[in-house]
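Take a look at the structure set out below.
The values are calculated or read from the model by the stated rules, or taken from the named source; none is laboratory data. This is a predicted model, so every value here is computed, not measured. Neighbour counts run over all protein chains shown; Cβ positions are idealised from the backbone, glycine included.
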Amino acid sequence: MNLDSIRNYCLSLPHATEGIQWGNDLLFKLSGKIFAAMNLEPPHSLCFKCTPEKFDELIERDGIIPAPYMARNKWVLLERLDALKDSEIKDLIKNSYDMVFSKLTKKAQAELGGTAEKPAAPGKRRKANR
């Protein structure tokens, strides 16, 4: 993938916005929360949020490191855009987007057209409002 294809993919996600911040970083946000960031200066790099398991797996690969300042929150930095296959980059960006969406308030999720209530965990029943 290249800068343009990543930008197009990020902006294809519902309600995604972009903006430049910190000088040369192109940020992709959902409801004001960052789900991916790219350095506009060559060589381009890409940051995104991961699950703890995926974070541990990815940082073992060549060209992928814990993201500076954000590693404690399980963000990785692709030092090169060819560090992963295009389909894997898209899947990881979408996963980051979904994780950010899940952390929004129920009200914000509902305003964006998502469900305001998470389904009950298997085997557990919701308490009825009485």
Checked the range 92-107 for anything at pLDDT below 95 and either in contact with a Cys (Cβ under 9 Å, 6 or more places away or on another chain) or basic (Lys, Arg) (or both); matches are Lys103, Lys106, Lys107
Can you name the residue in the range 108-122 that is surrounded by 11 or more Cβ atoms within 10 Å (Cβ to Cβ) and assigned to a loop (DSSP other than H, G, I, E, B) and, of all such residues, is modelled with the highest pLDDT?
Leu112
Report the residue count in the range 29-69 for those that are over 14 Å from Leu84 (Cβ atoms), in a helix (DSSP H, G or I) and among the acidic types (Asp, Glu).
2
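Just one of Asp56, Asp25 is on the phi < 0 side of the Ramachandran plot and exposed (fewer than 14 other Cβ atoms within 10 Å of the Cβ); which is it?
Unique residue meeting the criteria: Asp56.
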From the options Lys49, Lys54, Lys74, residue that is of a type outside the set (Ser, Thr, Tyr) and under 21 Å from Ser12 (Cα atoms):
Lys49
Across the range 1-28, the tally of residues that are in a loop (DSSP other than H, G, I, E, B) and touching a residue at least 60 places away in the same chain (Cβ under 8 Å) stands at 5
Meets criteria (of a type in the set (Asp, Glu), out of contact with any Ser or Thr (no Cβ under 8 Å at 6 or more places or on another chain) and loosely packed, with under 11 Cβ neighbours inside 10 Å) for Glu18:
no
